[in-house]
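J.: This is the structure, below, for whatever I ask next.
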Amino acid sequence: MAMRIATYNVNGINGRLANLLGWLEEAAPDIVCVQELKAPDEKFPATALLAAGYGAVWHGQKSWNGVSILARGGEPVETRRGLPGDPDDAHSRYLEAAIGSILVGCLYLPNGNPAPGRNSTTTANEGLQHTGERHDRRRP
């Protein structure tokens, strides 16, 4: 059985909730990684998404960033919050959840951080490499 996994950059979930709900109904993906929520956790529209048939986990932030993982007909189980390898991550850019036997990571890295040296992209790449290695070791 094929599974449809999609990403959706909502650019403000509460202001564009009708667009997201319409797309979910039309496209009917099984799993969706949503980026740029631009809403704190307490303002996430979990009830509306549940009414549309999607369970959700989310990592929000007022005015910026924010990610969510949606599962059609199921409840994602959060396994990680924040960029792997960055204990000081103050941005809501990474969330990981188990949906059945599948582990899904949702990452939002905005384009544009021209400063040389370490930045969120460098940290994310390094942290995700270690995360992948950790999961590989768990396989039989």
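The values are calculated or read from the model by the stated rules, or taken from the named source; none is laboratory data. Not measured: the values here are computed from a predicted model. Positions of Cβ are generated from backbone atoms using ideal geometry, with glycine treated the same way; all protein chains shown enter the neighbour counts.
J.: So Gly85 fits all but one of (1) in contact with a Phe, Trp or Tyr (Cβ under 7 Å, 6 or more places away or on another chain); (2) modelled with pLDDT under 95; what number is the exception?
T.: (1) is the only condition that Gly85 fails.
J.: Determine whether His130 is out of contact with any His (no Cβ under 7 Å at 6 or more places or on another chain) and modelled with pLDDT of 75 or more.
T.: Working: out of contact with any His (no Cβ under 7 Å at 6 or more places or on another chain): yes; modelled with pLDDT of 75 or more: no.
Against the criterion (out of contact with any His (no Cβ under 7 Å at 6 or more places or on another chain) and modelled with pLDDT of 75 or more), His130 does not qualify.
J.: Taking segment 18-42, which residues are free of Cβ contacts under 8 Å to residues at least 40 places away in the same chain, within 19 Å of Pro76 (Cβ to Cβ) and part of a helix (DSSP H, G or I)?
T.: Residues satisfying the conditions are Leu20, Leu21, Trp23, Ala27, Asp41, Glu42.
J.: Still on this model: For segment 41-48, does any single residue satisfy the condition of being hydroxyl-bearing (Ser, Thr, Tyr), loosely packed, with under 13 Cβ neighbours inside 10 Å and farther than 15 Å from Thr7 by Cα?
T.: Scanning segment 41-48 turns up at least one residue that is hydroxyl-bearing (Ser, Thr, Tyr), loosely packed, with under 13 Cβ neighbours inside 10 Å and farther than 15 Å from Thr7 by Cα.
J.: Taking Val10 as meeting all but one of (1) in contact with a Phe, Trp or Tyr (Cβ under 8 Å, 6 or more places away or on another chain); (2) buried (at least 19 other Cβ atoms within 10 Å of the Cβ); (3) within 21 Å of His91 (Cβ to Cβ), write down the number of the exception.
T.: Tallying (1) in contact with a Phe, Trp or Tyr (Cβ under 8 Å, 6 or more places away or on another chain); (2) buried (at least 19 other Cβ atoms within 10 Å of the Cβ); (3) within 21 Å of His91 (Cβ to Cβ), Val10 fails exactly one: (1).
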